[in-house]
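Novice: Take a look at this one; I'll ask things after.
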């Protein structure tokens, strides 16, 4: 929860999901295995218990969030939310969010049901695994440990491979996560006898806690995960469980009453903590920066989340699990089916209707529509702007490399921040006899010998660029990217690598034009503007929402590169943003279609501001 709220420096808190998967595998396998051995296992009884445990609290959360969404969500977000409602009911939200994990996908803070991906993985486990264990006990009795261990190793191997080749699939999909459940399963079938001494128990429990804490405190969003790194928290969870194997249960110490209480309501805490954060931001006009929640904001959100979760546990979870409510199995199944149909109807209507735009003022809808900008055409996606899975060889050189007799040539190289400048540069270059070529790739900075863990072809793309530049050197190279990479790798390390790249290019006689960081908003600009129109908050001041960190990176880069030979640093922020106040509209069109990427009018404005300096580098004169 605190990891998602980006507070208390618990950046690795996401491993709580992996710890839970191990626990879940241990508990569910134990139930199915014991009952199957005794001949008392009932699929109907098993799924009834799972429904009672999971569905009522989940559906209550979804219904409340659906009602709130109609008041606080813009049409594109509402349509996306409607799809996620369908996915939750179908138990496939992990697959939906995996498929949506694209470069220009909407931010996670616009997805109130994003956290349910892990619940879908768990539910898929519940659907398939009892059948597997039941069949294993009936037809391969005595070989459970061997079969489960083999399946564990196969799943782990798959996960290690996919975390390098398809990281989003490795994170979201069940086959690569199955080994975490199976680790608990092996313990549940007695794959490892429990410790013989109290010292052994204490040692196992302590080691398990230390491994989990090590992951929580040292992992972050840049850690390649899950893969082999997931062994640390998962083995920690397994050691903790194993340390208690066969121990006599005891009443918890008085000092542990608060943790035990939080444990009891933990499922509802899981369900509610993410929607509370999402709607806290939306109710505050999205001005609340999740990375800078104050102590008071954090305490308030925690109190609200615990209160809602305790109510959910007291009035929904406990009565239904104890059969005080919906005690008859047939009634429970019928009620679950009925509510599922209603949620499916809501999700289908919101998806087909485009997010119920009729509920909003047409001006708000028109502004919000810019969040779905014509990105593929604008970026020449998969042609001159490559997707993560595309190698350098997919770059269509015949279309992306331009030349004209007697014309100067520039090559635009970088990621999407470089790609969004191409349109404006083309408009200006056409008036000045300059040929603009482009070679860009998503999430890949223009730096030689730099690998990106989540972009498998980035290193190869830049190797290809090195060969291309040497074989067909342009008069100048325009390079752009920067802020996110300077943060992820560390500013000094990243700039050191960039400097080596720039020196290599200048040494072969090419002028290098570094375009500084773009305007960076804390939320997509069209959504900020739409919310202002929706709430009637006036006037809009961009300085409220522009991330000041970009100005700091800009100043440092200007100082680091301004005195280098054949290197020309051009600042977008100083050219476009007067007194750190940046233009939001150009002739009624938002300057950007998300947090940092320019629309066509935005690209043209930036190019008009920067082109005189580019023309001067090429010793040409821009024409009006």
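Readers should treat all values here as calculations from the given coordinates under stated rules, not as data from a laboratory. This structure is a prediction, so every number in the text was calculated from the model and none was measured. Ideal geometry is used to build each Cβ from the backbone, glycine not excepted, and the neighbour counts take in all protein chains shown.
Novice: For region 61-130 and region 564-619, write down the distance between their C-alpha centroids in whole Å.
Specialist: 36
Novice: Taking Cα pairs under 8 Å and at least six residues apart, what relative contact order does the chain come out at, in percent?
Specialist: Taking the mean separation of contacting Cα pairs over the length of the chain, I get 15 percent.
Novice: In bins 5 Å wide, starting from 0, what share of all Cα pairs of region 117-210 does each bin hold, as a percent?
Specialist: With a bin width of 5 Å, the distribution comes to 3, 12, 18, 19, 17, 15, 12, 4, 1.
Novice: Provide the gained length on full extension for the span residue 261 to residue 544, in nm with one decimal, where the gain is 0.36 nm per separating residue minus the Cα-Cα distance.
Specialist: Using 0.36 nm per residue and subtracting the Cα-Cα distance, I get 97.9 nm.
Novice: Please report how far the C-alpha centroid of region 466-501 lies from that of region 358-396, rounded to the nearest whole angstrom.
Specialist: Here the answer is 25 Å between Cα centres.
Novice: Continuing with the same structure: Would you please give the FRET efficiency between residue 64 and residue 565, computed as 1/(1 + (r/R0)^6) with r the Cβ-Cβ distance and R0 = 45 Å, to the nearest 0.05?
Specialist: 0.15
Novice: Right, another one. Restricting to bridges with both residues inside the chain, how much of the DSSP beta-bridge set is antiparallel, in percent to the nearest 5? Don't skip to the end; give the middle numbers.
Specialist: On the way: 6 of 29 bridges.
In the chain, approximately 20 percent of DSSP beta bridges are antiparallel ones.
Novice: With label points built 7 Å along Cα→Cβ from the Cα atoms of residue 470 and residue 556, find their separation and express it in nm.
Specialist: Using points 7 Å along Cα→Cβ, the separation is 3.1 nm.
Novice: Hey, another quick one. Taking the Cβ of each residue in 495, 255 as the centre, tally the other Cβ atoms inside 10 Å and list the residues starting with the fewest.
Specialist: Working: 495 21, 255 7.
Least to most surrounded, the residues fall as 255, 495.
Novice: So if I take the alpha carbon set of region 345-441, get Rg, then get Rh from the Kirkwood formula, what is the Rg over Rh ratio?
Specialist: In region 345-441, Rg relative to Rh is 1.17.
Novice: What does DSSP give for region 477-624 in terms of the percent of beta bridges that are antiparallel, rounded to the nearest 5?
Specialist: Approximately 40 percent, going by the DSSP bridge assignments.
Novice: A further question follows. Quick check on the exposure proxy: order 139, 161, 98 from fewest to most C-beta atoms within 10 angstrom.
Specialist: 139, 161, 98
Novice: Continuing with this model, one more query. For residue 207 paired with residue 322, estimate the spin-label separation in nm (one decimal), with each label point 7 Å from Cα along the Cα-to-Cβ line.
Specialist: 4.1
Novice: At 222 nm, what value in deg cm²/dmol follows for the chain if DSSP H runs of at least 4 each add -39500 (n - 2.57) and the sum is divided by all its residues, to the nearest 500?
Specialist: The helix contribution divided over the chain gives -18500 deg cm²/dmol.
Novice: Of the peptides 168-174, 557-563, how do they stack up when ordered by the mean number of other Cβ atoms within 10 Å, highest first?
Specialist: 168-174, 557-563
Novice: Arrange 2, 611 by Cβ neighbour counts within 10 Å, fewest through most, would you?
Specialist: Values: 2 16, 611 20.
Starting with the residue having the fewest Cβ neighbours, the order is 2, 611.
Novice: Where in region 62-97 does the amide nitrogen come within less than 17 Å of the point 7 Å from the Cα of residue 341, taken along Cα to Cβ?
Specialist: Within reach of a label on residue 341: 89-90.
Novice: Stokes-Einstein D for region 13-359 at 20 °C, 1.002 mPa s, Kirkwood Rh over Cα pairs, in µm²/s?
Specialist: The Stokes-Einstein estimate is 99 µm²/s.
Novice: Also: Once you have the Cα-Cα distance between residue 329 and residue 349, take 0.36 nm times their residue separation minus that, and quote the gain in nm to one decimal.
Specialist: Full-extension gain reported as 4.2 nm.
Novice: Turning to a different aspect of this structure: What whole-number distance in Å separates the alpha-carbon centres of region 1-47 and region 316-340?
Specialist: Here the two parts' Cα centres lie 22 Å apart.
Novice: Modelling each spin label as a point 7 Å along the Cα-to-Cβ direction, I'd like the residue 454/residue 487 distance in nm, to one decimal.
Specialist: That separation, rounded to one decimal, is 1.1 nm.
Novice: May I pose another question? With everything on Cα atoms, drop me the angle between helix 266-283 and the longest principal axis of the chain, reported from 0 to 90° to the nearest 10.
Specialist: Approximately 30 degrees, to the nearest ten.
Novice: Want the number for residue 199 to residue 153: 0.36 nm per residue separation, take away the alpha-carbon distance, what's left?
Specialist: Working it through step by step, the gained length comes to 13.6 nm.
Novice: Still on this model: Going by the alpha-carbon gyration tensor, a ≥ b ≥ c the square roots of its eigenvalues, is region 507-624 rounded (a/c under 1.5) or, if a/c is not under 1.5, prolate (a/b greater than b/c) versus oblate?
Specialist: Numbers: a/c = 2.97, a/b = 1.86, b/c = 1.60.
Prolate, since a/c reaches 1.5 and a/b exceeds b/c.
Novice: Which whole-number percent gives the relative contact order of region 1-153, counting Cα pairs below 8 Å spaced six or more residues apart?
Specialist: With pairs under 8 Å counted, the relative contact order is 25 percent.
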